[in-house]
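Read through the structure below, which is laid out as structure tokens, and then see the notes.
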Amino acid sequence: MILFFGSFVVLLLIGVPISISIGASAILGCLYLGYPMMVIGQKMISGIDSFLLIAIPLFILAGNLMNAGKITEKIFNFAKRLVGWIPGGLGHANVVASLIFAGMSGSAAADAGGLGTIEMEAMTTNGYDDDFSAAVTAASTVIGPIFPPSIPLIIYGSVASVSVSQLFMGGVVPGLLMAVALMILVFFFALKRKYQRFPFSMLLLVKQFFASVLSIITPLIILSGFVFGLFTPTEASSVAVAYALVIALFVYRTLDWKTFKKCLLESAVTSANTLFIIGTSMLFSYVLIKL
């Protein structure tokens, strides 16, 4: 037991990635118990051998497709027209856009990597302090793992054998409360620092709504599917990917073959990292029980 936990703690302290730390300590535990090496592969594979976990790479791919297809730009532009008139307008747009995007990808990394870049550039260009812009962007991306479809909730539902659909519905109110709390904080900082805001225009808001309506309704499609029992989380992830492809290829025409291949590669790498952590965690749990 000392070797098992000691190796895990030491590897973490010297900066080894957590997936490697978990896997290495679990392998040492298997060797100590005298299990054949075949058990290591079997337990890791059985840990990710789940129909539900297919949703993880698909939701990651959906988020990357929306970033590459410039769908996130339209979401941010709509959010800017919707709440940009409030003091600290771009900060509020940052939060609202992240909330909408969270309902498509369920990933903080996808939000920060695509939408976050757009939000940071817009805020710093319009006179917002770098520290404030970075803080709002980082905080708003955290809505992704809470608001459905949340990848961490998919993992939890798979491991704990809990209904993922019910977990998703339970994440709606906390996600909205997080967004409201962030917007209140942005409001007070904006008053103190006198940040820029945009004049409200109903005409421009309506125009931007119709220009980005196909992007905005994606979370509604996914949530309505859960509420009315139209599809499972895995099927919802497939719907999200298909919908993002159709919009990017045939409606906005912003996705080419080269970019599509890049999206597939990035999604594969991110998914592999996530699933590897799940697999090593399952092996870690198995060894822990046996010890």
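The values are calculated or read from the model by the stated rules, or taken from the named source; none is laboratory data. Every value quoted in this text rests on a predicted model; they were computed, and no experiment measured them. Counting neighbours? That spans all protein chains shown, and the Cβs are built from the backbone with ideal geometry, glycine included. Keep in mind that these areas ignore ligands, DNA and RNA; they rest on the heavy atoms of the full protein, side chains included. Shrake-Rupley method; radii C 1.70, N 1.55, O 1.52, S 1.80 Å.
Could you compute how much accessible surface Ser133 exposes when probed at 1.4 Å, giving the result in Å² to the nearest 10?
0 Å²
At a probe radius of 1.4 Å, what is the per-residue accessible area of Phe5, in Å² to the nearest 10?
80 Å²
Accessible surface of Met44 in the full protein assembly, 1.4 angstrom probe, to the nearest 10 Å²?
40 Å²
Starting from one equal scatterer on each C-alpha and no solvent at all, send me the Debye-based log10 I(q)/I(0) for the stretch 66-139 at q = 0.16 Å⁻¹, two decimals.
Taken in order of the listed q values, log10 I(q)/I(0) reads -0.47.
Quick check on the stretch 137-231: take the gyration tensor over C-alpha atoms, sort the square-rooted eigenvalues as a ≥ b ≥ c, and tell me if it's rounded (a/c under 1.5), prolate or oblate.
In terms of gyration-tensor shape, oblate.
What does the helix-only formula give at 222 nm for the chain: each DSSP H stretch with n ≥ 4 adding -39500 (n - 2.57), the total divided by the residues, and the result rounded to the nearest 500 deg cm²/dmol? Write down the numbers at each step before the final one.
On the way: 15 runs with 218 residues, N = 291.
One gets -24500 deg cm²/dmol as the mean residue ellipticity at 222 nm.
From the square roots a ≥ b ≥ c of the eigenvalues of the alpha-carbon gyration tensor of the stretch 30-77, which class results: rounded (a/c under 1.5), prolate (a/b over b/c), or oblate? All intermediate terms of the calculation are to be shown ahead of the outcome.
Numbers: a/c = 6.06, a/b = 3.91, b/c = 1.55.
Since a/c reaches 1.5 and a/b is larger than b/c, the shape of the stretch 30-77 is classed as prolate.
What distance in nm separates the simple spin-label points at Val159 and Lys261, each placed 7 Å from Cα in the Cβ direction?
3.7 nm
Who wins for biggest fluctuation among Lys70, Lys258, Lys80 in a Gaussian network model of the chain, springs between alpha carbons below 10 Å?
Lys258
Keeping all protein chains in place, calculate the accessible area per residue for the chain (probe 1.4 angstrom), answer in Å². Mind dumping the intermediate values first?
Values: 14060 Å² over 291 residues.
That works out to 48 Å² for each residue.
If I model a spin label as a point 7 Å beyond the Cα along the Cα-Cβ vector, how far apart are those points for Met38 and Val269 in nm?
For Met38 paired with Val269, the spin-label model returns 3.6 nm.
Taking the Cβ of Ile118 as the center, what net charge do the other residues with Cβ under 12 Å away carry, scoring Lys and Arg +1 and Asp and Glu -1?
-1
Excluding Leu191 itself, what net charge comes from residues whose Cβ is under 15 Å from its Cβ, given Lys and Arg +1 and Asp and Glu -1? Spell out each step's value before the answer.
On the way: positive: Lys192, Arg193, Lys194, Arg197; negative: Asp129.
Local charge sum for Leu191: +3.
Report in % the part of the accessible area of the stretch 170-264 that belongs to carbon and sulfur, leaving out ligands and nucleic acids; probe 1.4 Å. Write down the numbers at each step before the final one.
Numbers: 4380 of 5840 Å².
Carbon and sulfur atoms account for 75 percent of the accessible area of the stretch 170-264.
Write down, largest first, the equivalent ellipsoid semi-axes of the chain in whole Å, where each equals the square root of 5 times an eigenvalue of the alpha-carbon gyration tensor. All intermediate terms of the calculation are to be shown ahead of the outcome.
Numbers: eigenvalues 297, 99, 56 Å².
Working through the eigenvalues yields semi-axes of 39, 22, 17 Å.
What list of ³J(HN,Hα) values in whole Hz, one per residue of the stretch 115-132 in order, does the Karplus curve 6.51 cos²θ - 1.76 cosθ + 1.60 (θ = phi - 60°) give from phi, with Gly and Pro shown as x?
5, x, 5, 5, 5, 4, 4, 5, 5, 5, 5, 9, x, 7, 4, 4, 5, 5
So, in Å, what gap is there between the alpha-carbon centers of the stretch 24-50 and the stretch 161-221?
The stretch 24-50 and the stretch 161-221 have Cα centres separated by 44 Å.
Taking the chain as a Gaussian network, where each spring joins two C-alpha atoms under 10 Å apart, which residue of Val162, Val241, Val83 fluctuates the most?
Of the options given, Val162 has the highest mean-square fluctuation.
Once you have all Cα-Cα distances for the stretch 130-189, histogram them in 5 Å bins from zero and send the whole-percent values.
Bins of 5 Å from zero give 4, 19, 23, 18, 13, 10, 7, 4, 1 percent of pairs.
Considering the chain as a Gaussian network with a 10 Å cut-off on Cα pairs, which listed residue, Gly106, Gly63, Gly88, attains the greatest mean-square fluctuation?
Comparing Gly106, Gly63, Gly88 in the GNM, the peak value goes to Gly88.
Report, to the nearest whole %, how much of the accessible area of the stretch 16-167 belongs to carbon and sulfur atoms, 1.4 Å probe, protein only. Walk me through the numbers on the way to the answer.
Working: 3700 of 5620 Å².
Carbon and sulfur together cover 66 percent of it.
Translational diffusion coefficient, Stokes-Einstein: compute it for the stretch 75-117 using the Kirkwood radius over C-alpha pairs as Rh, at 25 °C and 0.890 mPa s, and state it as an integer in µm² s⁻¹.
On the way: Rh = 10.2 Å.
Rounded, D is 240 µm²/s.
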